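Report on one structure; see the data block that follows.
The values are calculated or read from the model by the stated rules, or taken from the named source; none is laboratory data. Note that the structure is a prediction, hence the values are computed from the model and not measured. Backbone-built Cβ (ideal geometry, glycine too); neighbour counts: all protein chains shown. SASA here: full protein model, heavy atoms, side chains in, ligands and nucleic acids out. Shrake-Rupley method; radii C 1.70, N 1.55, O 1.52, S 1.80 Å.
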Amino acid sequence: MTTAKIRQMKASGEKIAMLTSYDYTLTSLIDDAVDMILVGDSASNVVCGNSYTLPITVDEMIFLARGVVRGAKHALVVVDMPFGSYQVSEEDAVRNAIRIIKESGAEAVKIEGGEEILPAIQHIIQAGIPVCGHLGLTPQSVNQFGGYGLRAKEEAEAEKLLHDAQLLDQAGCFCIVLEKIPAALAARVAQSVHCPVIGIGAGSATDGQVLVLHDMLGMNEGFKPKFLRHFAHLAQDIRQAAAAYSQAVKDSSFPNQEESY
Ligand code: KIV
């Protein structure tokens, strides 16, 4: 999969399926089914147990992305640039983007924000690194927003988002993620930019969808926003498997004769 093919999918009307992943094993299981895999900074929550995405570092993202790249034989791997890795200066942004691509082997980076970080995006693209934009609910700005609520409900914010999407498109972003915004606005954005628009909590009129893998697999039972569908119920399965294993150890039925040397 290449960024050119992702762009062609919009042109031909084929929907783009993207999931997050953070390790080799799960990546190798989902790779054939999806077009793009995002090593999201949601790893900060999902893998590290933090309440926010803010603490995860470039080094930690590279460590996770290496495993994902080894497991992805088909899908395009996009790595999130974590908080603090692109806001200081354009030079710093390019240096961190190059590190991520060089040390992980991924194909592209994702960056949260619009006009404010446009120069950083332009410089990274000029360095030859494909960039996926991210607008709407941008979790790295949670302290500014004051929560994880629906974004761009009001006209002014909606107009700014539309303008930002057009700027990212003109700058050469190969796709844009829109998170948690009204479906009608996401549809307007998808129609008004050339690059594919990937939604999460942004309705069905976008060019593709992305979900956090552990959420859609039903591993994170406490998290059930309206936009999330559980395509499996692994929390239950994993709990049952661990309990069955523990029981078998305690009653000495595991390992049995066939399981011993
Ligand atoms: O970090 C992440 O998982 C993301 C997706 C929610 C789009 O940015």
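Using a Förster radius of 30 Å, what is the FRET efficiency between Y24 and Q87 based on their Cβ-Cβ separation? Nearest 0.05, please. Working shown, then result.
Values: r = 30 Å, r/R0 = 1.01.
Once rounded, the FRET efficiency stands at 0.50.
Annotation: R7 carries an accessible surface of approximately 90 Å², with a 1.4 Å probe and no ligand, DNA or RNA atoms counted. Could you compute the FRET efficiency for F145 and Q170, with r as their C-beta to C-beta distance and R0 at 35 Å, rounded to 0.05? The formula returns an efficiency of 0.85 here. Each residue of region 172-245 gets 85 Å³ once the volume of the Cα convex hull is shared out per residue.
Entry note, the chain: the mean residue ellipticity at 222 nm calculated from DSSP H runs of n ≥ 4, each adding -39500 (n - 2.57), is -12500 deg cm²/dmol after division by the residues and rounding to the nearest 500. For the chain, the pair-distance distribution built from all alpha carbon pairs, in bins 5 Å wide starting at 0, is 1, 6, 13, 17, 19, 17, 12, 6, 3, 3, 2, 2, 1, 0 percent. Please list, by residue number, everything in region 118-146 whose backbone N is under 18 Å from a paramagnetic label point 7 Å out along Cα→Cβ of E154. 136-138, 142-146, by backbone N distance to the label point. Length available on full extension from S252 to E221: 0.36 nm per residue minus the Cα-Cα distance, which gives 8.0 nm. Taking the Kirkwood radius as Rh and the Cα radius of gyration as Rg, region 1-156 has a ratio of Rg/Rh equal to 0.96.
Counted as membrane-span-like here are DSSP H helices of the chain whose alpha-carbon atoms extend 18 Å or more along the helix's own axis and whose Kyte-Doolittle mean is 0.5 or above; these are 58-71. Note on region 3-234: dipole from Cβ charges, positive end direction compared against V39, M18, V79; the farthest Cα belongs to M18. Using a 1.4 Å probe on the protein heavy atoms, what percent of the accessible area of region 61-218 belongs to carbon and sulfur? Carbon and sulfur atoms account for 54 percent of the accessible area of region 61-218.
Using only alpha-carbon positions in region 156-206, the gyration tensor eigenvalues give semi-axes of 16, 12, 8 Å once each is multiplied by 5 and square-rooted (largest first). The protection proxy used here, the mean number of other Cβ atoms lying within 10 Å of each residue, ranks peptides 128-140, 19-31 as follows, highest first: 128-140, 19-31. For the chain, a Gaussian network of Cα nodes joined below 10 Å ranks P55, P225, P182 by mean-square fluctuation, and the top entry is P225.
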